[in-house]
1. For Ile295, what is the net charge nearby, where nearby means another residue's Cβ is under 12 Å from its Cβ and Lys, Arg count +1, Asp, Glu -1?
2. Within the chain, which DSSP H helices have Cα atoms that stretch 27 Å or more along the helix axis and a mean Kyte-Doolittle hydropathy of at least -0.5?
3. At q = 0.23 Å⁻¹, work out log10 I(q)/I(0) for the range 232-309 with the Debye formula, treating every Cα as an identical point scatterer and leaving solvent out; two decimals please.
4. Report the net charge of residues surrounding Pro206, where surrounding means a beta-carbon distance below 9 angstrom and charges are Lys +1, Arg +1, Asp -1, Glu -1.
5. Can you sort Arg76, Arg257, Arg132 by how many other beta carbons sit within 10 Å, fewest first?
6. Taking a threshold of 20 Å on the Cα-Cα distance, which of the pairs Lys22/Lys313; Lys153/Lys316; Lys22/Lys137; Lys221/Lys294 fall above it?
7. Which one of Tyr320, Ala309, Pro343 is farthest out on the positive end of the charge dipole of the range 289-345, using unit charges on Cβ (Lys, Arg +1; Asp, Glu -1) and the Cα centre as origin?
8. Within a 10 angstrom radius of the beta carbon, how do Thr67, Thr236 rank from fewest other beta carbons to most?
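Here, each number is a calculation from the coordinates, and none is a lab measurement. As the structure is a computational prediction, the values presented were derived from the model and not from experiment. Here the Cβ is made from the backbone with ideal geometry for all residues, glycine too, and neighbour counts use every protein chain on show.
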Amino acid sequence: MKILVTGAAGFIGSKLAYDLAKRGDEVVGIDNINDYYDSNLKYGRLMECGIFSQSNLFQSGHFVKSTVFSNYRFLRMDLEDLGAMQLLFGTERFDKVVNLAAQAGVRYSISHPYSYMQSNIQGFMNVLECCRYNNIKHLIYASSSSIYGLNTKVPFNEEDKVDSPISLYAVSKKSNELMAHAYSKLYGMSCTGLRYFTVYGPWGRPDMAPMLFARAISIGKPIKVFNHGDMSRDFTYIDDVIEGTIRVIDQLPVPERCAHEVPSVIYNIGCSHPVKLMDFIHEIELAIGKTAQKIFLPMQPGDVYKTYADTSKLEKEVGYKPHISLHDGIVEFMKWYQSDKNPLI
């Protein structure tokens, strides 16, 4: 298959592009390489895939071919540039599209609301329009566990009501689901949304807890522990997430099995075993061999007390079941974090 992966310099996108290319798919990756966090991490992820560019410039409009996979090319591009997107789709003729590009971060959405409307709404609209006019067989797109908002019933199920978001990021992701469903109904497009739960592992985002904790504990600085440590997250190792995503890519929604025969489906993708924040910190302490200095703080705006994925639907319909334990995942994460591959230390 010929597959477009947007957000290909991101945490999930770079690993997905790597694994798709490794198994033999023809892959085109795009990313705008913005400065939301240190771009050296994004360039490092690309280099893992064999994507190099002199001085890391990655000029817009110019493909860079992987030195590792002859079937992988990368292009620096912004989803908001509709003209460039139309040209790309019209020229490349993709079979499937995986949209992982988005402005990430729950707390950042509180201080930078327009970034989310432009990237997560306008950018996704451009993806939908390009898919519509170029007969894309299947659009797979990233949603988020954050859309469950103030829901208190756990585990979170795909059939739960999600009309109580507590961040603009969550609003943008729920909007994506509604937009995709409308396009599925109007134009017969097959769309699959993935509500990712807390993903961690090598090459993870520096604004997420694993990286923040690992850095602070390693250099002897205190870590911030919100809600006084009384929080739980459905931490999911990156390899499990990628396996589940690829299984979804390979399975086209069947209208007869979808509500109202609209070929649009939503899946939770997580570990389905929430971990207490203090237990997660303890695993990092064990891996580093140092005890963290902790500053206990109240809950932050936009945060939720607990995330817990019911993944039974994904297991039943695509055969996904995570298998990497938190201990093993943290060990692998810290091996990478303390290695020469980590560009941030």
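1. Spelling it out: positives minus negatives among the neighbours equals +3.
2. Result, helices passing both filters: 168-187.
3. Treating every Cα as an identical point scatterer, log10 I(q)/I(0) equals -1.14.
4. For residues surrounding Pro206, the net value is 0.
5. Arg257, Arg132, Arg76
6. Lys22/Lys313; Lys153/Lys316; Lys22/Lys137, as the Cα separations exceed 20 Å there.
7. Pro343
8. Sorted ascending by nearby Cβ count, the order is Thr67, Thr236.
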